[in-house]
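The structure appears below as structure tokens.
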Amino acid sequence: MGQSNFRIMITGGAGFIGCALVNYLLKHTGHQLLVLDKLTYAANLAAVERFNTEPRVNMVQGDICDASLLQQLFARFKPDAVMHLAAESHVDNSINAPADFIQTNIIGTYTLLEAARSYWQTLTAIEQQVFRFHHVSTDEVFGDLDETDNLFTETTPYAPSSPYSASKASSDHLVRAWHRTYGLPVLISNCSNNYGPGQHSEKLIPKTISSALAGKPIPVYGDGQQIRDWLYVDDHAAALYLVLTKGDVGESYNIGGLNELSNLTLVQQIYDLLDELAPAGFCQLSKGESYRQFIQFVADRPGHDRRYAIDCTKIQTNLRWQPLESLKSGLLKTVQAYCLSR
Ligand code: NAD
């Protein structure tokens with residue numbers, strides 16, 4: 001794959017994972033990037049300002065549901081690949097107001113697939129072989145597991161629980177159908193929970209850190225025993241590029257952090273790190289008190305999945321991917337970044 005003349009359109013490139021991906025591609029490749037992002041509340045505007053000064057990034061504010069904009073962008077930028085990350089991504093928001101999730105995650109993906117297909121059909125046979133449509137999805141499409149169930153593999157049947165995961169499951173099905181029906185060369189990846197510096201404050205880890213530093217309690221749903229697998233966002237970015245460049249067309253790849261733990265244990269580990277890094281530094285804690293006192297159990301979220309745990313043997317074996325960060329090292333980097341930014 002040529003470095004400087006390879007062109008990737010990245011939707012949702014101003015979001016949490018999108019920014020990590022753009023940073024990864026700027027650092028490790030010479031590719032030309034077009035970032036298409038609606039810049040919703042979830043976008044990282046500081047990162048967008050930085051992208052605007054990067055000669056290799058073409059930043060466009062726009063909606064993946066806008067078919068005529070997509071047609072113009074495909075015609076003008078002539079991507080060799082699309083990496084599709086744009087989505088409404090917060091489960092709580094999907095429960096309170098599902099409409100935007102249906103619109104962006106399902107209609108938006110459909111609109112993007114159609115624009116990609118029309119463009120792909122205009123390419124030469126060789127260009128068609130090179131072209132990839134990589135859809136970035138979540139392990140939440142598989143539903144949840146009991147403590148003793150086997151891990152999610154790429155062949156686990158879909159059983160989404162929330163409007164968010166149902167909308168992502170729908171988009172995965174559309175992407176597969178565009179491959180089977182029209183031959184569009186697609187790849188799908190399903191990843192576990194991401195974390196790292198720069199994540200929107202609505203998500204569990206940043207919310208836990210910033211609430212504690214502000215001396216506020218953190219609500220923990222139910223008994224806090226919901227189990228999640230956590231992956232450092234830069235490890236996800238590296239995996240996405242590997243899937244794009246080395247993955248087999250039509251295949252899906254599970255990406256996981258090999259870090260399963262309960263939400264309560266996670267919050268406790270973050271508080272223990274804060275006790276070390278910011279002992280009473282930023283809030284009203286008295287000497288010797290722990291941030292753990294900020295844990296506040298609240299009523300469980302409706303339809304809350306009990307356990308997600310992903311088997312990522314396929315990407316490890318076939319594409320030789322390994323996460324570089326352990327949960328310990330990744331959490332330390334994340335908590336340090338929040339402490340430093342205050
Ligand atoms: P995010 O919410 O931080 O970012 C989403 C980005 O998409 C934002 O910049 C937003 O402005 C943009 N966007 C939203 N609607 C759009 C539209 N209609 N048109 C164009 N842009 C639009 O999300 P994230 O955490 O970075 O997740 C990125 C992708 O990865 C999503 O598809 C998500 O489902 C998936 N994913 C996320 C996680 C996770 O833990 N965060 C895990 C697995 C998979």
Out of all the residues in region 194-235, which are of a type in the set (Val, Ile, Thr) and either in contact with a strand residue (DSSP E or B) (Cβ under 8 Å, 6 or more places away or on another chain) or surrounded by fewer than 17 Cβ atoms within 10 Å (Cβ to Cβ) (or both)? ILE205, THR208, ILE218, VAL220, ILE227, VAL233
Yes/no for PRO279 being outside any helix (DSSP H, G or I) and more than 27 Å from LEU324 (Cα to Cα): yes
Note on ASN254: of the conditions (1) buried (at least 20 other Cβ atoms within 10 Å of the Cβ); (2) part of a helix (DSSP H, G or I), unmet is (2)
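Which residues, taken from region 94-129, are surrounded by fewer than 14 Cβ atoms within 10 Å (Cβ to Cβ), part of a helix (DSSP H, G or I) and within 14 Å of the ligand (Cβ to nearest atom)?
Quick first cut of region 94-129, residues surrounded by fewer than 14 Cβ atoms within 10 Å (Cβ to Cβ) only: 96-97, 99, 121-122, 124-127, 129.
Narrowing the set further to residues that are part of a helix (DSSP H, G or I) leaves 96, 99, 121, 125-127, 129.
Result: ALA99, single match.
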Of the numbered conditions (1) more than 19 Å from the chain's Cα centre (by Cα); (2) at pLDDT below 90, ASP305 satisfies every one except a single condition; which is it? (1)
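Would you point out the residue of region 150-165, among those that are without any contact (Cβ under 8 Å) to a residue 24 or more places away in the chain and open to solvent by 40 Å² or more (accessible area, probe 1.4 Å), that is nearest to the ligand (Cβ to nearest atom)?
My answer is PRO160.
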Is there any pair with a first residue in region 243-267 that is under 15 Å from LEU327 (Cβ atoms) and a second that is of a type in the set (Lys, Arg) whose Cβ atoms are under 7 Å apart and which are 6 or more apart or on different chains, and what are they? ASN263/ARG228
Flagged in region 168-199 as modelled with pLDDT of 95 or more and small (Gly, Ala, Ser), in numbering order, are ALA169, SER170, SER171, ALA177, GLY183, SER189, SER192, GLY196
So how many residues does region 234-251 have that are in a helix (DSSP H, G or I) and farther than 21 Å from GLY30 by Cα? 0
Positions within region 240-261 being of a type outside the set (S, T, N, Q), more than 11 Å from the ligand (Cβ to nearest atom) and more than 19 Å from ARG307 (Cα to Cα), in sequence order: TYR241, LEU242, VAL243, LEU244, LYS246, GLY247, ASP248, VAL249, GLY250, GLU251, TYR253
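Looking at region 312-340 only, could you name the residues that are among the polar types (S, T, N, Q) and more than 26 Å from SER210 (Cα to Cα)?
Of the residues in region 312-340, the ones among the polar types (S, T, N, Q) are 313, 316-318, 322, 326, 329, 334, 336.
Within region 312-340, THR313, GLN316, THR317, ASN318, GLN322 qualify.
Listed here are the residues, each with its yes/no results for (1) at pLDDT 95 or above; (2) farther than 25 Å from GLU114 by Cβ.
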| site | (1), (2) |
| --- | --- |
| ALA20 | yes, yes |
| HIS31 | yes, no |
| LEU34 | yes, no |
| LEU39 | yes, no |
| ALA46 | yes, yes |
| GLU49 | yes, yes |
| PRO55 | yes, yes |
| LEU69 | yes, no |
| VAL91 | no, yes |
Scanning region 296-339 residue by residue, those over 30 Å from PRO157 (Cβ atoms), assigned to a loop (DSSP other than H, G, I, E, B) and among the hydroxyl-bearing types (Ser, Thr, Tyr) turn out to be SER326
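Looking at LEU240, is it farther than 21 Å from SER189 by Cα, in contact (Cβ under 8 Å) with a residue 24 or more places away in the chain and surrounded by 17 or more Cβ atoms within 10 Å (Cβ to Cβ)? Steps first, please.
Working: farther than 21 Å from SER189 by Cα: no; in contact (Cβ under 8 Å) with a residue 24 or more places away in the chain: yes; surrounded by 17 or more Cβ atoms within 10 Å (Cβ to Cβ): yes.
Taking the combined requirement at face value, the residue does not satisfy it.
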Every residue from region 130-149 that is more than 14 Å from the ligand (Cβ to nearest atom) and of a type in the set (A, V, I, L, M): VAL130, LEU145
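The values are calculated or read from the model by the stated rules, or taken from the named source; none is laboratory data. Please read all numbers here as calculations on a predicted model, not as lab measurements. Cβ coordinates were reconstructed from backbone atoms using ideal geometry, including for glycine residues, and neighbour counts include every protein chain displayed. For the accessible areas, the whole protein counts, side chains as well, though only heavy atoms, and no ligand, DNA or RNA atoms are used. Shrake-Rupley method; radii C 1.70, N 1.55, O 1.52, S 1.80 Å.
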